[in-house]
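Asker: First, the structure itself, so that you have it in front of you.
Where a number appears in this text, it was derived from the coordinates with a stated rule and is not lab data. Predicted model only: the values in this text are computed from it and were never measured. As a convention, Cβ positions derive from the backbone with ideal geometry for all residues, glycine included, and neighbour counts pool all protein chains shown.
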Amino acid sequence: MGKLAGKVAVVTGGGSGIGEAIAATFCREGARVVIAGRNSERLTRSAEKTGAHPHPADVSQESDVKLLFGAAEARFGGLDILVNNAGITGPVARAEDLDATEWDEVMAINVRSMMLCIKHAVPRMRRRGGGSIINMSSLMGLRGYPMRSAYTATKFAVIGITEAIAQEVGVDNIRVNALCPGAVNGELMQRVIAARAAAENRSPDEIIRANYTGKAALRRWVEPEEVAEAALFLAGALAITGARIRVDAGRI
């Protein structure tokens, strides 16, 4: 019997990285997990590795979100945990060089999708007598970083939405919290570093030391599995809501 035995969870962005690690951790702890994402092949591979059930969906589209939560409820009988992890890095560029289409895309995937998933999760959690919503923010949801204004805007929005909705649904025993990872080791971070290296004319190694691992008290990356353990804690932390928790290896 694991910590999440009998619970039903939906994890968006579950095909790789943090989402895959969370799905694996939740399955290990006894939850029945549905992972969602736009890439069917990645979802299938992740499902095979984690034991989760894959459901291809673009969660920035409400029609897909309705189908996702309907399928989770039909398959497993309800919903107890939502992890809003779907997200993209957005443009790595100065404000004067931003492309409006790229701005709109990162807003749709990082913010609109989260709101749509909460909209369709809350009634299902209310019927279960409560639940836990975990929204993925970032250190960039706590302070701004150069070249990342679009992403930073979305992650500040995640914090504000988390705090607002926590007050709305607390009466229903639904807890809403945000995780704020620092630099997490993986493919997503490597793409950001490559883009910064090209934009700033610096080597990737220099950027990593100066801006990421060198600024962390533990002098290392955060691993996806470490973010997953924090998500597991919030899934079961019955007296915590409206909180923001850093998982950043002590990054300044």
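Asker: Which whole-number percent is the relative contact order of segment 152-252 (Cα, under 8 Å, 6+ apart)?
Answerer: 40
Asker: Hey, what D do you get for segment 68-141 in µm²/s if you plug the Kirkwood alpha-carbon radius into Stokes-Einstein at 4 °C and 1.567 mPa s?
Answerer: 92
Asker: I'd like the distance between the alpha-carbon centres of segment 165-212 and segment 71-93, rounded to an integer number of Å.
Answerer: 17
Asker: Let me ask something additional. Under 18 Å between alpha carbons, and skipping anything fewer than 8 positions from K66 in its own chain: which lysines qualify?
Answerer: Counting by Cα, and skipping residues close in sequence, K66 has these lysines nearby: K119.
Asker: Highest mean first, what order results for 229-240, 74-85, 6-17 on Cβ atoms within 10 Å? Please report the intermediate quantities before stating the final value.
Answerer: On the way: 229-240: 16.7, 74-85: 21.2, 6-17: 25.2.
Highest-to-lowest ranking by the protection proxy: 6-17, 74-85, 229-240.
Asker: At a Cα cut-off below 20 Å, give the aspartates and glutamates reachable from K3, other chains included and same-chain residues fewer than 8 away excluded.
Answerer: E20, E29, D80, E225, E226, E229
Asker: Can you compute the FRET efficiency between A194 and V171 using 1/(1 + (r/R0)^6), with r the Cβ-Cβ distance and R0 = 45 Å? Round to the nearest 0.05.
Answerer: Working from the Cβ atoms, E equals 0.45.
Asker: Right, another one. So how far apart, in nm, are the two label points at K66 and R127 if each is 7 Å from Cα heading toward Cβ?
Answerer: The answer from the label model is 1.5 nm.
Asker: Restricting the count to DSSP beta bridges whose residues both fall in the chain, what percent are antiparallel, rounded to a multiple of 5?
Answerer: Looking only at bridges with both residues in the chain, the antiparallel portion is about 5 percent.
Asker: Cβ under 14 Å from C180's Cβ, C180 left aside: what net charge do those residues give with Lys, Arg +1 and Asp, Glu -1? Don't jump to the answer; show the numbers that get you there.
Answerer: On the way: positive: R143, K155, R244, R246, R251; negative: E163, E226, D248.
After counting each charged neighbour, the total is +2.
Asker: Compute log10 of I(q)/I(0) for segment 136-186 with the Debye formula, placing one identical point scatterer on every Cα and leaving out solvent, at q = 0.14, 0.15, 0.21, 0.32 Å⁻¹, to two decimals.
Answerer: -0.40, -0.45, -0.72, -1.14
Asker: List, largest first, the extents of the alpha carbons of segment 181-252 along their principal axes, each in whole Å.
Answerer: Over segment 181-252, Cα extents along the principal axes are 47, 22, 20 Å.
Asker: Taking every pair of distinct Cα atoms and averaging 1/r, then inverting, what Kirkwood hydrodynamic radius in Å comes out for segment 135-229?
Answerer: Result for segment 135-229 stands at 14.8 Å.
Asker: Okay, moving on. What does the highest-first list of 105-111, 203-209 look like by mean Cβ count within 10 Å?
Answerer: Ranked by mean Cβ neighbours within 10 Å, highest first: 105-111, 203-209.
Asker: Something else about it: Determine one quarter of the surface area of the Cα convex hull of the chain, which equals its mean projected area, and express it in nm² to one decimal.
Answerer: On the way: hull surface 51.7 nm².
For the chain, the mean projected area of the Cα convex hull comes to 12.9 nm².
Asker: When the Karplus curve 6.51 cos²θ - 1.76 cosθ + 1.60 is applied with θ = phi - 60°, which whole-Hz ³J(HN,Hα) does each residue of segment 239-247 get, with x for Gly and Pro?
Answerer: Values, residue by residue: 10, 10, 8, x, 9, 10, 10, 7, 10 Hz.
Asker: Sticking with this structure for a sec: Please quote Rg/Rh for segment 1-120 to two decimal places, taking the Kirkwood radius as Rh and restricting both calculations to Cα atoms.
Answerer: Taking Rg over the Kirkwood Rh, I get 1.03.
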